[in-house]
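Only one structure is covered here, and it is reproduced in the block below.
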2 protein chains.
Amino acid sequence: MGKLVIVGTLAFDAIETPFGKTDKILGGAATYIGLSASQFNVDAAIVSIVGGDFPKEYLDLLSDKNINLSGVEIVENGKTFFWSGKYHNDMNSRDTLATELNTLADFNPVVPEDYRDAEIVMLGNLHPLVQLSVLNQMTVKPKLVILDTMNFWMDCALDDLHTVIKKIDVITINDEEARQLTGEYSLVVAARKIHSMGPKYVVIKKGEHGALLFNNDNVFYAPALPLEEVFDPTGAGDTFAGGFAGYITKTGDTSFENMKNAIIHGSTLASFCVEKFGTERMQNLSKKEVHKRLLQFKQLTQFEIELT
Amino acid sequence: MGKLVIVGTLAFDAIETPFGKTDKILGGAATYIGLSASQFNVDAAIVSIVGGDFPKEYLDLLSDKNINLSGVEIVENGKTFFWSGKYHNDMNSRDTLATELNTLADFNPVVPEDYRDAEIVMLGNLHPLVQLSVLNQMTVKPKLVILDTMNFWMDCALDDLHTVIKKIDVITINDEEARQLTGEYSLVVAARKIHSMGPKYVVIKKGEHGALLFNNDNVFYAPALPLEEVFDPTGAGDTFAGGFAGYITKTGDTSFENMKNAIIHGSTLASFCVEKFGTERMQNLSKKEVHKRLLQFKQLTQFEIELT
C-alpha cells in the first residue's frame, strides 16, 4: 500500500447556490482531496493548519476515514481559514464574498517523519511557496507529484508558481487557467507550452464538459457525467484531484494508460460531490454506489466501432 | 445500399475568421451534409434550390461524389441564397453580417420519384414547413428521420417547428438551442422534455466540447477531438449531421449502439471540416485520413478500467 501526502486547506465554507445556502460548514481543498482519496483505502496524511475553533468532529470525520492528521497544526488561539461564495444561476461561475486567511497566513507546513518517503504527493491549491516547502521536505524523490493551483497565484505569485511547476509531474488546472498561464486559446497548444514549463502530464478540468489529459502527443478526453441537477459545485475539482491521486497511489502505476483510469475515477467521484452541499455526499459514499456509477461512465463513453 | 434524402440549402457563404476572410464560396447545409454523407458511398439525393448564378462546377463537385441532384431546382433568372458571417476571436460565437434569401424565399421542395421510398431522411436547417413538406412526400414511412434546426425558427416559427418535431425520430441541436426550446438549463432535463415532444433520440451538439446522444435513460457522450487550431467552424454541425446520417444509411442499423458509432463518425468528419475555410477540407478527404482519425478518436476516449 502506497503512501500519499496531501497538503491543502482545512476550512470553513459558507456557500450560496440557487438551491439554498449554508452557514459555516466543513470545507477546504485537503478535506475534499482526503475524502476522495480515502475511497481507495490508501495510507494518506493531510498536512494543514486550523484554529482552535475547528470542531473536533470534523477532524474525527477525517481520521475515521483512516487519514493521518499528525501533520495538521492546531493553533489553539487562532481561527480557521474561512471562505464564502455565491454561485450564479448557471453554476459555472461564482463570486467570492469573503476570504479570511486567519491561521493560514502563517502556515509553515511540516510533513510528518513517517510520510517523507511517500510515493505520491498531492499539492492542493495554496501559495506556491507552501507547496514548494512540502516538496523540499521529502527525503525520497516521490514517484509522482501532482499540483493543483488557480488563477489567483498566476496574478500575484507567478514567479513562485513557475518555480514549483518546474518540479512537479502532473498539473491540474481548469481551461481558463491553462489559457491564462500560457496566453494560448487552443488547449492543445496550451498543454504543449505547459509541458515546456516542466510537467510531463497536464490535466485540464473543464467542469461539466469533462477533463483532458495530455502527455506530449498522447491525449485522453473523459467527458463528465451529464447530471440532472448540480446542487453545489464546491470541491468538485479537489474531489477529482483526490480521486486521481488516490487511484494512482493505490495502483502504484504512473503509466499514461493507468492515468486514464485515474481520470475516470476522479470524474466519477466528482460527480457525486456536486449532488449535495459541501462534503455531505462524500462523507457516506458507498463502494457500491461508486461501482455503479463507474459502470454508467463506461456505458456513457465506450463504443465499438468497426474500422474496415 | 440504403437511400438517403437530404433537404437543405445550397448557398454562397462569405466568411471572416481571425485567420482570414473569403469572398463568396460554396456553402449551405445540404452541401456540407452531402459531402460528409458521401464518405459512406450511399445513394444520396439533395433536394434544394439555387439561382442561375450558382456555378456548374459546384454542382459537378457534388455529382462527382455520386450525389443525385435531380431534386435541385435551378431558377435561371434568380439568385442563390447568400450568407455572410464573422467569427469572434474565441471561434465559438459569430455575427451574421448578411442573409439574402433570394430563390430560397419561394422554395417548394420536390423529392425525386426515385427517392420517395428512401430509408433515411435528413432534414437540414430550413423553415419547418419546408422540412414538413419533404416528409409528406415520402410514399413509404422512412426508417429514420433526422432533423436539424436552429434558434431562429424557435423565435419566429415555433408552432410549425413543434409540428415537424412531433414527426421525426432524431433531432440535432446545440446546447443553447436545447435550453431555449425547453426552458431547462440541465441538458438531461432538456433532453427528457424534447423526448416528450416526439423525438426518441436527442443529439445535443456542444462544439469543442463534443456531442451527447440521449434515448430515454441511455446516454452517450462523444468528446470532440482537441484541435491545435480551428480555422473556420462553418459547416461543422452539418458535417456532423451528414456523417451521422450517412453512417446510419450505410449500415441500415438504427439501434442505440449503432447510433453511438454514427456520432463518432460524425464527430470525426466535423473535426476535418473546421481545419480549412468552407468545404475545402471536405472536398478531397481520403478514406485513409478518416480511418487514421477514427483510430485517434478511439485512443482519445477508450479506457480499460478494472471494476473489482
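Could you tell me how many of the residues in region A:256-279 are facing another protein chain (nearest Cβ under 8 Å) and charged (D, E, K, R)?
2
List the number of the failed condition for residue A:157; all other conditions in (1) within 15 Å of residue A:202 (Cα to Cα); (2) at pLDDT 95 or above; (3) buried (at least 16 other Cβ atoms within 10 Å of the Cβ) hold.
Here residue A:157 meets the rest and fails (1).
Could you figure out which of (1) within 14 Å of another protein chain (Cβ to nearest Cβ); (2) surrounded by 16 or more Cβ atoms within 10 Å (Cβ to Cβ) isn't true of residue B:173?
So the condition that residue B:173 fails would be (1).
Is it the case that residue A:201 is touching a Leu at 6+ places or on another chain (Cβ under 7 Å), of a type in the set (Ser, Thr, Tyr) and closer than 30 Å to residue B:216 by Cβ?
Numbers: touching a Leu at 6+ places or on another chain (Cβ under 7 Å): yes; of a type in the set (Ser, Thr, Tyr): yes; closer than 30 Å to residue B:216 by Cβ: no.
Considered against the rule, which asks whether it is touching a Leu at 6+ places or on another chain (Cβ under 7 Å), of a type in the set (Ser, Thr, Tyr) and closer than 30 Å to residue B:216 by Cβ, residue A:201 comes out as no.
Determine, yes or no, whether residue B:205 is among the basic types (Lys, Arg) and either closer than 23 Å to residue B:13 by Cα or away from chain A (no Cβ under 14 Å) (or both).
Numbers: among the basic types (Lys, Arg): yes; either closer than 23 Å to residue B:13 by Cα or away from chain A (no Cβ under 14 Å) (or both): yes.
Taking the combined requirement at face value, the residue satisfies it.
What is the one condition in (1) out of contact with any Leu (no Cβ under 7 Å at 6 or more places or on another chain); (2) under 17 Å from residue A:130 (Cβ atoms) that residue A:50 does not satisfy?
The failed condition is (1).
For residues that are within 16 Å of residue B:294 (Cα to Cα) and within 8 Å of another protein chain (Cβ to nearest Cβ), scanning just region B:226-246, find the one that is surrounded by the fewest Cβ atoms within 10 Å (Cβ to Cβ).
For region B:226-246, the residue satisfying everything is B:227.
Mind checking whether some residue in region B:131-143 is modelled with pLDDT of 95 or more, closer than 30 Å to residue B:302 by Cβ and buried (at least 19 other Cβ atoms within 10 Å of the Cβ)? Before you say what the answer is, go through the steps one by one.
Of all residues in region B:131-143, those modelled with pLDDT of 95 or more come to B:131-143.
Imposing the further condition that a residue be closer than 30 Å to residue B:302 by Cβ reduces the set to B:143.
If we keep only those that are buried (at least 19 other Cβ atoms within 10 Å of the Cβ) as well, we get none.
No: region B:131-143 contains no residue that is modelled with pLDDT of 95 or more, closer than 30 Å to residue B:302 by Cβ and buried (at least 19 other Cβ atoms within 10 Å of the Cβ).
Looking at the structure I just gave you, is residue A:214 buried (at least 18 other Cβ atoms within 10 Å of the Cβ), touching a Pro at 6+ places or on another chain (Cβ under 9 Å) and within 29 Å of residue A:182 (Cβ to Cβ)?
Considered against the rule, which asks whether it is buried (at least 18 other Cβ atoms within 10 Å of the Cβ), touching a Pro at 6+ places or on another chain (Cβ under 9 Å) and within 29 Å of residue A:182 (Cβ to Cβ), residue A:214 comes out as yes.
Among the candidates B:98, B:118, single out the residue that is in contact (Cβ under 8 Å) with a residue 40 or more places away in the chain and not in a loop (DSSP other than H, G, I, E, B). Steps first, please.
Details: B:118 fails: not in a loop (DSSP other than H, G, I, E, B).
Testing whether each residue is in contact (Cβ under 8 Å) with a residue 40 or more places away in the chain and not in a loop (DSSP other than H, G, I, E, B) leaves just B:98.
Has region B:247-255 got at least one residue that is among the small types (Gly, Ala, Ser) and either facing another protein chain (nearest Cβ under 9 Å) or more than 15 Å from the chain's Cα centre (by Cα) (or both)? Steps first, answer last, please.
Taking region B:247-255 first, the residues among the small types (Gly, Ala, Ser) are B:252, B:255.
This time we only want the ones that are either facing another protein chain (nearest Cβ under 9 Å) or more than 15 Å from the chain's Cα centre (by Cα) (or both), so: B:252, B:255.
The answer is yes, given that some residue of region B:247-255 is among the small types (Gly, Ala, Ser) and either facing another protein chain (nearest Cβ under 9 Å) or more than 15 Å from the chain's Cα centre (by Cα) (or both).
Any residue at all in region B:67-85 that is at pLDDT 95 or above, acidic (Asp, Glu) and under 19 Å from the mean Cα position of the chain (by Cα)?
no
Starting from region B:281-308, keep only residues that are at pLDDT below 90 and in a loop (DSSP other than H, G, I, E, B), then list their pairs with residues that are surrounded by 13 or more Cβ atoms within 10 Å (Cβ to Cβ) and polar (S, T, N, Q) whose Cβ atoms are within a distance under 6 Å, requiring at least 6 positions of separation or different chains.
That search, which allows pairs on different chains as well, returns B:305/A:261.
Could you please let me know if residue A:260 is over 24 Å from residue A:197 (Cβ atoms), over 14 Å from the mean Cα position of the chain (by Cα) and in a helix (DSSP H, G or I)? Walk me through it before giving the result.
Details: over 24 Å from residue A:197 (Cβ atoms): no; over 14 Å from the mean Cα position of the chain (by Cα): yes; in a helix (DSSP H, G or I): yes.
Answer is no for this residue.
Let me spell it out: the conditions are (1) out of contact with any strand residue (DSSP E or B) (no Cβ under 7 Å at 6 or more places or on another chain); (2) surrounded by 24 or more Cβ atoms within 10 Å (Cβ to Cβ); (3) within 12 Å of chain A (Cβ to nearest Cβ), and residue B:282 meets all of them except one. Which number is the exception?
In the conditions (1) out of contact with any strand residue (DSSP E or B) (no Cβ under 7 Å at 6 or more places or on another chain); (2) surrounded by 24 or more Cβ atoms within 10 Å (Cβ to Cβ); (3) within 12 Å of chain A (Cβ to nearest Cβ), residue B:282 misses (3) alone.
Could you please find all residues in region A:41-84 being of a type in the set (Gly, Ala, Ser) and either buried (at least 17 other Cβ atoms within 10 Å of the Cβ) or in a helix (DSSP H, G or I) (or both)?
Here is the first cut: in region A:41-84, the residues of a type in the set (Gly, Ala, Ser) are A:44-45, A:48, A:51-52, A:63, A:70-71, A:78, A:84.
Scanning region A:41-84 gives A:44, A:45, A:48, A:51, A:63, A:71, A:78, A:84.
Out of all the residues in region A:97-111, is one or more in contact with a strand residue (DSSP E or B) (Cβ under 7 Å, 6 or more places away or on another chain), closer than 21 Å to residue A:238 by Cα and among the aromatic types (Phe, Trp, Tyr)?
Checked region A:97-111: at least one residue is in contact with a strand residue (DSSP E or B) (Cβ under 7 Å, 6 or more places away or on another chain), closer than 21 Å to residue A:238 by Cα and among the aromatic types (Phe, Trp, Tyr).
Search region B:190-229 for residues being of a type in the set (Gly, Ala, Ser) and over 18 Å from the mean Cα position of the chain (by Cα), and hand back the single one that is farthest from residue B:264 (Cα to Cα). Steps first, answer last, please.
Going through region B:190-229, the residues of a type in the set (Gly, Ala, Ser) turn out to be B:190-191, B:196, B:198, B:207, B:210-211, B:222, B:224.
From the residues that got through so far, the ones that are over 18 Å from the mean Cα position of the chain (by Cα) too are B:190-191, B:196, B:198.
Details: B:190: 22, B:191: 20, B:196: 26, B:198: 24 Å.
For region B:190-229, the residue satisfying everything is B:196.
Filter region A:133-152 down to the residues that are in a loop (DSSP other than H, G, I, E, B), under 19 Å from the mean Cα position of the chain (by Cα) and of a type in the set (A, V, I, L, M, F, W, C) and list them by number. Lay out the reasoning, then the answer.
As a first pass, look at region A:133-152 and keep what is in a loop (DSSP other than H, G, I, E, B): A:138-143, A:149-150.
Subsequent filtering for residues that are under 19 Å from the mean Cα position of the chain (by Cα) retains A:142-143, A:149-150.
Result: A:150, single match.
Condition (residue is out of contact with any helix residue (DSSP H, G or I) (no Cβ under 7 Å at 6 or more places or on another chain) and among the basic types (Lys, Arg)) applied to region B:91-109: is it met by at least one residue?
Yes, region B:91-109 has at least one match.
If the requirement is being in contact with a His (Cβ under 8 Å, 6 or more places away or on another chain) and under 26 Å from residue B:72 (Cβ atoms), which of these qualifies: B:105, B:157, B:118, B:98? So that I can check it myself, show each step before the final result.
On the way: B:105 fails: in contact with a His (Cβ under 8 Å, 6 or more places away or on another chain); B:118 fails: in contact with a His (Cβ under 8 Å, 6 or more places away or on another chain); B:98 fails: in contact with a His (Cβ under 8 Å, 6 or more places away or on another chain).
Step by step, each of B:105, B:157, B:118, B:98 is checked, and only B:157 is in contact with a His (Cβ under 8 Å, 6 or more places away or on another chain) and under 26 Å from residue B:72 (Cβ atoms).
In region B:263-280, which residues are among the basic types (Lys, Arg) and in a helix (DSSP H, G or I)? Even if it seems obvious, please write down each step before you answer.
Step one: filter region B:263-280 for residues among the basic types (Lys, Arg), giving B:276.
Scanning region B:263-280 gives no hits.
The values are calculated or read from the model by the stated rules, or taken from the named source; none is laboratory data. In this text the structure is predicted, and so the values were computed from the model without any measurement. Here Cβ is always computed from backbone atoms with ideal geometry, including for glycine, and neighbour counts include all displayed protein chains.
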